[in-house]
Amino acid sequence: MENKLKILYINNRPEPDGCAMYRNIIPAEGLQSLGWDPHFLPIPENDPFDYDIVVFSRIYQLSGIKPIVEMLRKKSKAKIVYDTDDLIDHIAPDNPFQSEINKKELVGSYLYFLDNADLVTVTTDYLKQEIAKRRSGAIAVVPNAVREIKIRDRREPRVRVLYSGSDTHFPDLNIFLDVFLDLQKKYDIELVTQSIGKNKYFEQNYAHLPMVMKPYNECMEKIKKVKHYQFVKNVHCFEYVDMLRSIDATIGVCPLHDDKFTRCKSAIKYYDWAAIGTVTLAQKCVAYEDCNFTARSYSDWKNKLECLITDIPLRNSILKSQIKYVIENRYIDVVRYQWDQVYRDLLAGKI
C-alpha cells in the first residue's frame, strides 16, 4: 500500500483565525479525504519529522521564523510551501493593519518566503500576477473554498442586509452606508454589521492616525442614522458560518474601495453567503469577478440593491445561480483536487 503523504501546517498564531481556516484547516480536511496525512502544531517531542511538505502562511516575526526554515532545509526532506491570501507589502495607509505590520519584522517574513519557498500558493490570478513581479519561483493559484453547503431557514421578518468584516474594512463599509441610508427612506429594511462597529479599542489605539480614523468616524455617524440596526460581535472561526446562518440575512453586501491591496483579495464572503443561502451584491472589481451580481458606482449600488429588496423572483434567481457556482467551483469537495495536484506536482519536480 502506498504510504500517505504527510503535510505539516505551521500557523502564525496559536489560535487559528479565518485565514488559517480557509487556507490551512479546510484544505487539510480536503486532502485528508484524498489520503493525505495532515498535521498541525504542536507535534510530539519524538516526532520523526518525516513530512513531505511544510506549509507556512501569511506573516511571522522574521527573526523567529528564519532559523526554523533553515533548520528544515538542513534536517528534513520537506518541501517548503508559503501560502498568502494578501499582497502584504502593499497595505493602504487607511488600513489600521498598515501601522502594525512593520513593528515586528512582519513584512520581512513575507519577503523572505517569497525568496526562499519552494512554492508559493495564492488565492487569485491577480494576486499571482502581483507576486510574480517580486518572485521568480513557482506560484500556484488555489482558490478559497467553503467547508459545507447548508442553506439557512429564511425566517427574516424584514429584508435584512448584512456587512461582515474586520476593523480593517471601515473604508469599505463607508462606501455602502450612504446607499443604505438612502434606501431606508423608502423601504423597511434592517442593517446588520458583523464584527465591525463601534470599537473603543480601535478609538484608543488609532486616534493618532487621521487617515485610519476618518472612515471609522464617518461610519459611526452614519450608523446612528440607521433605523433598524444590529451589531453582531466577532466569533471564533469554527463558529463563523453557523453565526452567519443564525443572522438569517436576506442580502450580503461586499463593497470594496479600490487599491492594489484590495484588488488582490478573494471573494470568500460571496462563497460563504452562497453556501448558506444569502444572495450577494458585490463590488464590480477584479476581487469579485466570479460574482454574477455586482455594482460599481453609487447609483449602480442603489439600483441593484433596490432590485434585490423589491424583486423576490429576481433575488431568488440570482441566489440560485450563485449557489450553483459555489457548489461547482468553490466547494472543498471540488477544490481539494486542485490542492492535491499542486502538491503532487511540487513533490514530483514538475513545478
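The values are calculated or read from the model by the stated rules, or taken from the named source; none is laboratory data. Please read all numbers here as calculations on a predicted model, not as lab measurements. In this analysis, Cβ positions are derived from the backbone assuming ideal geometry, glycine residues included, and neighbour counts consider all displayed protein chains.
Before moving on, here are some points about what is shown:
- Some residue of segment 90-101 being within 16 Å of V120 (Cβ to Cβ), outside any strand (DSSP E or B) and of a type in the set (G, A, S): no
- Cβ-Cβ contacts under 6 Å between residues 6 or more apart (or on different chains), taken from a first residue in segment 18-39 that is on the phi < 0 side of the Ramachandran plot and in a helix (DSSP H, G or I) to a second residue that is modelled with pLDDT of 95 or more and of a type in the set (S, T, N, Q), are listed as Y22/N144; R23/S57.
- Qualifying residue in segment 297-318 (condition: of a type in the set (A, V, I, L, M, F, W, C) and under 18 Å from the mean Cα position of the chain (by Cα)): no
- Annotation for segment 88-103: at least one member residue is touching a residue at least 60 places away in the same chain (Cβ under 8 Å) and aliphatic (A, V, I, L, M).
- For segment 144-236, the strands (runs of 3 or more DSSP E) that sit wholly inside it and include 1 or more residues that are among the basic types (K, R) and in contact (Cβ under 8 Å) with a residue 60 or more places away in the chain are 159-164.
- Verdict on S166 being within 23 Å of E15 (Cβ to Cβ), at pLDDT 95 or above and not assigned by TED's automatic domain parsing to the domain that holds E29: no
- Among the residues examined, W339 qualifies as out of contact with any strand residue (DSSP E or B) (no Cβ under 8 Å at 6 or more places or on another chain), among the aromatic types (F, W, Y), surrounded by 14 or more Cβ atoms within 10 Å (Cβ to Cβ) and in a helix (DSSP H, G or I).
- Hits in segment 40-69 - residues which are assigned to a loop (DSSP other than H, G, I, E, B) and β-branched (V, I, T): I43, I59
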